[in-house]
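Please read the structure below before turning to the comments.
The values are calculated or read from the model by the stated rules, or taken from the named source; none is laboratory data. Keep in mind that this is a model prediction, so the values were computed, not measured. We place every Cβ from the backbone using ideal geometry, glycine too, and count neighbours over all the protein chains shown. Side chains are part of the model used for accessible areas, which takes the heavy atoms of the whole protein and leaves out ligands, DNA and RNA. Shrake-Rupley method; radii C 1.70, N 1.55, O 1.52, S 1.80 Å.
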Amino acid sequence: MSTVVSYRPSATLPIRAEVKRQASRRRTQLALGFMVLLPIIILLAFEFGGGNGDDDNGGGAFGSLVDLATSGGLNFALFCLAVSAGFLLVVVVALFCGDPVASEASWGSLRYLLAIPVPRARLLAVKLVVALGYSLLALLILTATALLVGTLRYGWHPMGSTIAAAIPAGEGLLRLLGIVAYLAVIMLVVAGLAFLLSVLTDAALGAVGGAVLLWILSSILDQITALGSVRTVLPTHYSDAWLGLLSTPPQVDDLVKGAIAAICYATLFWSLAFWRFTRKDITS
Amino acid sequence: MPAKRLTRRRVISGSVVLVVVAALVGWAVWPDRAGWTSADERITVRTGPADAESVELDARLYLPRDRDGRVPAVLLAHGFGGTKDSVSDDAESLADRGYAVLTWTAQGFGGSGGQIHLDSPDYEVRDAQGLLDWLAARPEIKLDETGDPRVGVVGGSYGGALALLLAGQDPRVDAIVPSITWNDLNKAFLQQSADTTATGVFKKTWAGLYFGNGAATLAPEPAAAPVPGQDPACGRFAADICAAYLQLATTGTADQKTLDLLRKSSPATVLGRIKAPTLLIQGAVDTLFPLSEADANAKGIAATGTPVRVAWFTGGHDGGAGPQTDQDRVKYLTVQWLDHYVKGEGDAPSDSFTYSRVAGFSALDRGLVTNGYSTDAYPGMSGTGRTQVSLAGPAQPVANPPNGNPAALSSLPGTGGRLSELLGGLAADIPGQHASFQSTPVSSAIEVAGAPTVQLRVASPTGEATVFVKLYDVDESGAKTLSAGLVAPVRLTGLPASIEQAQPVTVTLPAIVRRIDSGHTVRVVVATSDQAFLTPAQPATYTVQVGSSITLPTVVGTPIANPQTVWRWVLGGLLLAIALGLAVVLLVRRRLRRRRHDETLEEYEDTPLVVRGLRKAYADGFVAVEEISFTVARGQVVGLLGPNGAGKTTTLRVLMGLTMPTGGDALVFGHRLMPGAPILSRVGALVEGPGFLPHLSGYENLEAYWRATGRPAADAHFEEALEIAGLGDSVHRKTKKYSHGMRQRLAIAQAMLGLPELLVLDEPTDGLDPPQIAEMRRVLKRYATDGRAVLVSSHLLAEVEQTCTHAVVVNKGRIVASGPVDEIVGESPSVQIAVSDVPAASAVLSSLGVKSVVPDGPSALIVDMNGTSRSEAVASLVKAGVEVDRVVPRRRLEDAFLALVGDNSRGSGDR
């Protein structure tokens, strides 16, 4: 008898157990709650914020998104996604993916999980799957809430943009889901980076902050056109490519490139995380 | 714990990463060595009607750096107002492809001499012939025969017309690629869209821009003094051109002299003589030379059997170079054409016609995105099919504003490249000055490519009228778009005063490429003014009525495969590769793990723990455990005793699978321990203090822990564990509010969940009060029954002595003593004797035959009795007159332990 009869390595740390572990934490509840709150705050801002602001000439697609935000539920959801994509989603994804391993390490509970024993690769895989699940959930909650409150307030209308003709509501919903999917893929970079840092450090804050910091750094570098073709390999270079889904027919070339970059980065970061975690001495 | 030190290995690997990153960045930004060389030349050529004059041209010859013998040449002409420098990018790219490229500044511009004759066959075309002679004399240039270089002529706009005119005048030209150029200057600048013989409407803005451009280039540099004999009104324009412009711009109509002059500079006159295969590239966003100009050129050249190919792109004099995909396509077509007809490489280009249509904005750089299409043959202006769209609207009066002010806005000539504005709602009509005729929403999308036609009836009290016909695409929300800002100017004469008597004329609108989506409406607007054109100064009110329908030519092209689609395959391949890689890694891991974990040492199968020669050295060289070996058998409570830093915790970490040993191994029931070894499921542990989720209660923590084991709740024995923890109601409080001792007890309870056969506890009594310690001793002793075993580490001698059945004493990573506690705690052969006179006592005792006498402080001796009884020793001392203060028997464990720590109260270092 090499093990306890009821022990099976593949049954340790069930996904459900990890989901519960994270769900009971305040930061999970707050992050998800804020995803519900944000569209409502934006809606209230539109309602009471004084309508005809002479906004600074509103150039570019972003300005037009502001103008169109109140034209229907789809546009409102689009606007909410657009304002969140740059920073809020990054922080939330970094929080969900950067925290789980590092916080277990800092509580000292990581070594007890490993002594159960939860195989290290399994522990990491379960933590990763659950973190990605929560990240996706946050994104979906944000979209669904925005769509719901936007539609209740502004009605169900075709999705408009100044880039191209209005898109019929049915197809517009598909495009919106496409945008959500693309954002989810792009966020894999943040997820990968935060997760790697989470494995490398015992400080959850360091992992979350580090991932956000590097993301911002990449965004800044991407603004420097003098860097030329180096910019195309930056993880944030294609982060706005989802705007291509607003034109008819949708322009997916940049989305494809963005997805390739994101998947490459995420795979690299996760591979490093697994490679490191399955070999290192747990010192926490 | 080992600190992150700046070890040699880290420095090296860090430097390597830094160097690699720097090298990659450097490689990416390092400029390539150009594949060509260039030299500026001043070339003097004969020019003028009878070659009577000579002019010096500012030229530059690009030669491929690695050329094999003589190379074919390309004459690359610039646009109006440019110089040889404005085509340097194209020149470099052609030189890179193995052509000798000769660029020059046309006479009248930049650093060249002479005057602007508007591509006159007597001047600019002669110059180009002179350049052909010059090329033929160069040793680098490939020749067809003596004096006849192998040469293609490429140019846009002004340079494009030169290419056509030169090919019509000089048979030495082997191929031409004229782009965005004119067929007939008269038609271009006096545009007439109706099928009538009346002179067209003067395109004043463009004409003014061009004239101003030529006049502004008075001299290459700001001239120190005015050039003698130069009319400031004319700048560097030749006198006849200048006079023609002034006449045209003043009256809005051309006299015969002007017509003849402009006609002379038009390729239309020489098309029948062009034998050089011609690739015509024309822009769809061009209000100066619209697509119809290239159409006329294509028809004229093709009539003689010369190969002609036509391509449209989304750009032109208004639209600029167009989106990158269009630029790439045009470049590809140009190179393909030259390679076949000039260089003699590659298959003959097909006759297929390619064009592009705007798809929207690029999300990243805000530029336009177009989709390319191709058809087997050039369809001309009338498309391959046609769709009639009914128009409704009564005859409407429209006012011609005096002096054409205010005027409707359709395009912004000369701003160049502002495509986005042309696509948006730039066009504006003035109320009262336009009539509008609208269709019902179209039921299915119409892919317009070509020149729409519509019937128009106009009545005018003056007998003449100038109107502008525009085609708007109006979407569901009412936003209207004037495709590419193109309008059809119409000038009619001999009109009746009443609309009933007006005869219909057919108006051919400028060719457009546009998809009118289903649900959109088509609106035809007839306006009296346009800022780009010269309209009659006299106010008048016309009545206009368009026919009942508009004919839209359609072309259904095959989408050109976007080279970017390759990335989709890359993405698919990437995902597949990752999936495969993951599967391989998982399979290999599973196989490896099974093999490793199946290794069992039969002889230890029933022994809870065997540690053999364990060693742990950290990467920075620190050795935490030198060599430790011991055994924990069933029923034993083994104490691992040692000072702080002796290596106890490191040993326990290895037993937990947290740390990899660098030598030796640990066997649990015969299975070798390694991280994640399933045998760990039979071990319960408390190592280095408790670790709990602070936001959960003690009970929830135990539950969460047990859930993580994936084992049934019945196996956990929660009740027993909670009883051991003894937390009472506090078990439902959050653990972050627990005291140290409470947490410690909960951690021991957690270690005992599932009643593991081997319990490993690191300093279990840390933080407990004396009654709890006593209770804990009982618990541990009781636990080690039924074949279970307990390993306890401690730095307290008393604890081990009172709790354990066996003890292992470690120091500095090595075992100092081990065995049953009874045995080592039992009487030791040595005693401590406190005496009044140490030297005397030593002498007495030595004479008794004891093993050793060691002074212990100023008034005590430690004596290894070696069989001598204590009573005999005391009697002998007393007899010798030495006072014996006390005799203390010593125990072995204490001996061992004090021997370790007694000498050095600082312990054995930070381990």
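Under the Karplus relation 6.51 cos²θ - 1.76 cosθ + 1.60, θ = phi - 60°, what is the ordered set of whole-Hz ³J(HN,Hα) values for segment B:468-473, x standing for Gly and Pro?
Couplings: 10, 9, 10, 10, 9, 9 Hz.
Between the chain alone and the structure with every protein chain in place, find the residues of segment A:102-123 that drop at least 30 Å² of accessible area; heavy atoms, 1.4 Å probe.
Output list: A:Trp107, A:Arg111, A:Tyr112, A:Ala115, A:Ile116, A:Pro117, A:Pro119, A:Arg120.
Using θ = phi - 60° and the Karplus curve 6.51 cos²θ - 1.76 cosθ + 1.60, what whole-Hz ³J(HN,Hα) does each residue of segment A:5-17 get, with Gly and Pro shown as x?
Here the 3J(HN,Hα) series is 4, 7, 8, 10, x, 6, 9, 6, 6, x, 3, 4, 5 Hz.
For chain B, just give the cysteines left without a disulfide-compatible partner, judged by no other Cys Cβ under 4.7 Å.
B:Cys804, each lacking another Cys Cβ under 4.7 Å.
Below 20 Å, Cα to Cα, which lysines can B:Lys736 reach? Residues fewer than 8 away in the same chain don't count.
A:Lys20
In segment B:490-586, carbon and sulfur make up what percent of the accessible area (probe 1.4 Å)?
65 percent
For segment B:774-881, which trypsin sites (Lys or Arg not before Pro) are both in a DSSP coil and crowded by at most 15 other Cβ atoms within 10 Å?
Passing both the DSSP loop test and the Cβ count: B:Lys851.
Which distance in Å, rounded to a whole number, links the C-alpha centroids of segment B:587-627 and segment B:322-357?
If we compute the Cα centre of each part, the gap is 69 Å.
I'd like to check one number: the per residue accessible area of the protein assembly as shown, probe 1.4 Å, reported in Å² as a whole number.
Counting only protein heavy atoms, the per-residue value for the protein assembly as shown is 42 Å².
For the protein assembly as shown, what size does the Cα cloud have along each of its three principal axes, sorted from largest down, in whole Å?
Principal axes ranked by extent give 157, 72, 55 Å for the Cα atoms.
Lys and Arg at +1, Asp and Glu at -1: add these up for the other residues within a Cβ distance under 14 Å of B:Phe313 and post the number.
Summing Lys and Arg as +1 and Asp and Glu as -1 gives 0.
List the residues whose amide H sits under 5 Å from the amide H of B:Ala860, counting only those 5 or more places along or on another chain, with H placed 1.01 Å from N in the peptide plane.
B:Val835
How big is the convex hull of the Cα atoms of segment B:478-608, per residue, in Å³?
It comes to 262 Å³ per residue, whole-number rounded.
Considering only C-alpha atoms, what is the centroid distance from segment A:89-137 to segment B:767-782, in Å?
35 Å
Using a Gaussian network for chain A with springs between C-alpha atoms less than 10 Å apart, which of these wobbles most: A:Arg21, A:Arg175, A:Arg153?
Among A:Arg21, A:Arg175, A:Arg153, the largest GNM mean-square fluctuation belongs to A:Arg21.
So which lysines can B:Lys616 reach, going by Cα to Cα under 24 Å and dropping same-chain residues fewer than 8 places off?
A:Lys280, B:Lys4, B:Lys648, B:Lys812
Using a 1.4 angstrom probe and counting only protein chains, how large is the accessible area of B:Cys242 in Å², to 10?
B:Cys242 exposes around 0 Å² with every protein chain in place.
Nearest 100 Å² is fine: how much accessible area is buried between A and B, summed over both sides, with a 1.4 Å probe?
Separately minus together, A and B give about 5200 Å² buried.
Take peptide B:694-707, look around each residue's Cβ out to 10 angstrom, count Cβ atoms belonging to other protein chains, and average those counts.
3
Apply the Karplus curve 6.51 cos²θ - 1.76 cosθ + 1.60, θ = phi - 60°, to the phi angles in segment B:858-864 and return the couplings in whole Hz, x for Gly and Pro.
Whole-Hz 3J(HN,Hα) from phi for segment B:858-864: x, 9, 9, 10, 10, 10, 8.
At 15 angstrom or more along the helix axis (alpha-carbon based) and mean Kyte-Doolittle of 1.0 or higher, what helices does chain B contain? Whole DSSP H runs only.
B:8-29, B:158-169
Take the cross-link list B:Lys275/B:Lys299; B:Lys203/B:Lys264; B:Lys203/B:Lys257; B:Lys84/B:Lys204; B:Lys203/B:Lys331 and give me the ones stretching past 24 Å between alpha-carbons.
With Cα atoms farther than 24 Å apart: B:Lys84/B:Lys204; B:Lys203/B:Lys331.
Would you pull out the residues with amide H under 5 Å of B:Ala540's amide H, same chain only if 5 or more places away, H placed 1.01 Å from N?
Answer set, sorted by chain and number: B:Asn400.
Report D for segment B:602-823 in µm² per second (integer): Stokes-Einstein, Kirkwood Rh on Cα pairs, 37 °C, 0.692 mPa s.
Approximately 187 µm²/s, per Stokes-Einstein.
Within the P(r) computed for chain B, what percentage of the Cα pairs occupies the region above 41 Å?
61 percent
Sequence-distant or interchain residues sharing an amide H contact under 5 Å with B:Leu640, placed H: which?
Correct list: B:Val792, B:Ser793, B:Ser794, B:Val808.
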